[in-house]
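Encoded as structure tokens, the structure appears first; notes follow it.
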Amino acid sequence: RPLVELGRSIYTEGPFQPGVDVVGEKNLLFPGLSVYGDVKAVVAYADGGANEVGQVAAQLNLDIDLKLTATERLHAFIQPLDKGGKFTRYEFFGDDDDNGDTAFNLNIETLFFEGDMGAIQTGLTGKDADYDLPFAVGFTPFLFQNGIWVDDAFIGGGFAVVAKNSPKLDISNMDVTVFGGFTEVNTPAIVKDGGGLEDNELSVYGFNAFIEANEGYYEVGLGRIHGRDEFRDQSYNSFTAAFTKRYGDIVSNSVRGVWTFGQDRDGNAQQTADGFALLVENSFITHKPSTLVPYFNAFVGFDRPQPLADDTGLLKNTGINFEADGLSGFPSLDDSANDTWGAALGVEYLFNLDQQIVVEAAFLQAVGGEKLAGRNAKNDQYAVGMRYQLPISATWIFRSDAMYGWRRSDDDISGLRMEMRRKF
């Protein structure tokens with residue numbers, strides 16, 4: 001059960017108490033407050049090349065959900081043990097040897113209201129609306145293209161036109177979401193003078209469409225990052241398109257493109273958001289299709305393609321060796337796809353659906369020589385990695401990760417981490 005449950009609980013049997021007529025008898029109030037989340041404790045060794053550290057770290061994630069009607073709710077998410085991107089930790093060797101930092105705050109990570117305009121109109125007027133128009137407003141999280149294009153929370157909102165179809169175009173289902181935010185927008189393309197991502201002087205707006213058609217799944221999005229004041233010249237546009245389909249009993253394939261364009265820097269400054277990336281993901285179908293999953297993911301990036309709104313690079317889903325760990329500083333290969341190409345080859349095995357192991361080898365090749373301007377990776381990079389995860393009970397999960405990376409023209413990287421997670 002959740003840590004706190006007040007009012008109507010979730011996933012319980014009836015009989016239920018009748019709803020309260022506040023916004024209309026056709027949209028009754030069924031109040032229920034739930035607080036749930038997880039706490040993580042990590043012991044990790046990380047050698048990022050420039051520095052080496054061993055530490056114990058902790059993170060607490062709290063979701064606070066106030067359910068109102070059947071379609072409306074108020075939701076908040078906080079991380080009390082994080083502050084300004086830093087986490088509560090104790091370093092037992094490294095640059096901060098024998099020192100600990102407690103990063104405690106109650107800053108809101110997300111706080112938003114979501115509902116359906118059709119249901120609200122029905123309740124207020126007493127007449128059934130003939131449309132659905134879900135929306136969200138506030139400090140709102142958005143995730144599009146599996147988090148590759150947008151994975152951020154910003155102050156703004158969005159609405160969606162949902163469940164449309166077209167027999168003529170062979171579209172069985174289509175959703176289109178329009179979104180926008182005027183502050184708290186993150187992108188790796190725009191940083192402050194003293195370091196760190198700029199979020200106060202950026203706005204974002206755009207749309208994303210999900211289309212089930214032609215025995216596959218399309219995603220299309222177009223958006224713009226608009227910088228204000230001294231960041232105005234770093235504004236840029238982003239277009240993305242993807243197609244996912246299973247081909248026979250052989251492979252499930254996704255092809256995704258991200259095109260970043262329209263940035264016009266003052267004084268011939270180096271562009272930070274321009275270029276194109278092509279990402280291809282393949283999971284192969286074996287005699288144990290639910291538990292034994294080999295995969296091969298590849299990418300190529302030209303110039304400096306960027307996500308629209310995110311605090312990481314485009315390759316975070318390419319493989320575990322490209323996946324950064326925001327909690328323990330676990331190292332990874334360059335995830336930007338800036339003037340690089342490469343791949344990740346691995347296999348995931350879920351045993352009897354009671355545990356997981358992933359083994360992977362990955363590489364990236366730098367394009368344009370060692371000193372190409374604007375490229376994050378100095379030169380070619382290679383890595384091997386492994387992940388093991390075991391659900392000890394319905395609430396406790398153990399996870400461990402290990403990796404070693406070789407980087408030409410730069411120091412090698414390595415990491416080892418063990419995590420205990422308690423869900424509630």
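Residues in the stretch 379-397 that are open to solvent by 30 Å² or more (accessible area, probe 1.4 Å) and over 30 Å from ARG1 (Cα atoms): TYR382, VAL384, MET386.
For every residue, the table says whether it meets (1) open to solvent by less than 70 Å² (accessible area, probe 1.4 Å); (2) of a type in the set (Ser, Thr, Tyr); (3) within 30 Å of PHE87 (Cα to Cα); (4) in a loop (DSSP other than H, G, I, E, B).
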residue	(1), (2), (3), (4)
ARG1	no, no, yes, yes
TYR11	no, yes, no, yes
PRO18	no, no, no, yes
VAL22	no, no, no, yes
LYS26	no, no, no, yes
SER34	yes, yes, yes, no
GLY37	yes, no, yes, no
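Once the stretch 288-331 is narrowed to residues that are open to solvent by less than 30 Å² (accessible area, probe 1.4 Å), small (Gly, Ala, Ser) and under 19 Å from ARG399 (Cβ atoms), the residue that is nearest to the chain's Cα centre (by Cα) is GLY319.
Taking the stretch 114-130 only, how many residues are open to solvent by 60 Å² or more (accessible area, probe 1.4 Å), closer than 16 Å to ALA70 by Cα, touching a residue at least 12 places away in the same chain (Cβ under 8 Å) and not acidic (Asp, Glu)? Total meeting the criteria: 2. Assess whether ARG375 counts as being among the basic types (Lys, Arg) and either in a strand (DSSP E or B) or at pLDDT 95 or above (or both). When the stated conditions are applied, ARG375 does not pass them. For the stretch 42-65, a tally of residues being part of a loop (DSSP other than H, G, I, E, B) and either under 23 Å from the mean Cα position of the chain (by Cα) or surrounded by 16 or more Cβ atoms within 10 Å (Cβ to Cβ) (or both) returns 1. A single entry from ARG246, ARG232, ARG256 fulfils the requirement of being open to solvent by 40 Å² or more (accessible area, probe 1.4 Å) and part of a strand (DSSP E or B): ARG246. Selection of the stretch 156-201 for residues being under 30 Å from ASP130 (Cα atoms) and among the aliphatic types (A, V, I, L, M) yields ALA160, VAL161, VAL162, ALA163, LEU169, ILE171, MET174, VAL176, VAL178.
Scanning the stretch 152-179 for residues that are open to solvent by less than 50 Å² (accessible area, probe 1.4 Å) and either within 14 Å of SER238 (Cβ to Cβ) or among the polar types (S, T, N, Q) (or both) yields ASP152, SER166, ASN173, THR177, PHE179. A search for C-beta distances below 7 Å between a residue of the stretch 386-406 that is over 17 Å from GLU52 (Cβ atoms) and of a type in the set (Ser, Thr, Tyr) and any residue that is open to solvent by 30 Å² or more (accessible area, probe 1.4 Å) and not in a strand (DSSP E or B), counting only pairs 6+ apart in sequence or on different chains, returns THR395/PHE424. Of the residues ASN321, ASN297, the single one that is modelled with pLDDT of 95 or more and assigned to a strand (DSSP E or B) is ASN297. For first residues located in the stretch 76-98 and modelled with pLDDT under 85, partners that are among the charged types (D, E, K, R) and buried (at least 16 other Cβ atoms within 10 Å of the Cβ) and lie 6+ apart or on another chain with Cβ distances below 7 Å form the pairs ASP97/GLU91. The residue of the stretch 337-359 that is surrounded by the most Cβ atoms within 10 Å (Cβ to Cβ), among those that are part of a loop (DSSP other than H, G, I, E, B) and of a type in the set (A, V, I, L, M), is ALA337. When ALA269 is tested against the conditions (1) closer than 30 Å to GLY158 by Cβ; (2) aliphatic (A, V, I, L, M); (3) surrounded by fewer than 16 Cβ atoms within 10 Å (Cβ to Cβ), the lone failure is (1).
A quick yes/no check of all residues on (1) touching a Lys or Arg at 6+ places or on another chain (Cβ under 8 Å); (2) among the small types (Gly, Ala, Ser); (3) under 23 Å from PHE261 (Cβ atoms):
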{"site": "THR286", "(1), (2), (3)": "no, no, no"}
{"site": "VAL293", "(1), (2), (3)": "no, no, no"}
{"site": "PHE299", "(1), (2), (3)": "no, no, yes"}
{"site": "PRO307", "(1), (2), (3)": "no, no, yes"}
{"site": "ASN321", "(1), (2), (3)": "no, no, no"}
{"site": "LEU327", "(1), (2), (3)": "yes, no, no"}
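The single condition among (1) crowded, with 16+ Cβ neighbours inside 10 Å; (2) aliphatic (A, V, I, L, M); (3) within 30 Å of LEU3 (Cβ to Cβ) that MET420 does not meet is (1). Among the residues making up the stretch 135-151, a single one is open to solvent by 40 Å² or more (accessible area, probe 1.4 Å), in contact (Cβ under 8 Å) with a residue 60 or more places away in the chain and either among the aliphatic types (A, V, I, L, M) or closer than 29 Å to VAL22 by Cβ (or both): PRO141.
The residues listed here are VAL191, VAL255, VAL204; of these, the one that is β-branched (Val, Ile, Thr) and at pLDDT below 95 is VAL191.
The values are calculated or read from the model by the stated rules, or taken from the named source; none is laboratory data. Please read all numbers here as calculations on a predicted model, not as lab measurements. Positions of Cβ are generated from backbone atoms using ideal geometry, with glycine treated the same way; all protein chains shown enter the neighbour counts. Each accessible area value is taken on the protein alone, full model and side chains, heavy atoms only, with ligands, DNA and RNA left out. Shrake-Rupley method; radii C 1.70, N 1.55, O 1.52, S 1.80 Å.
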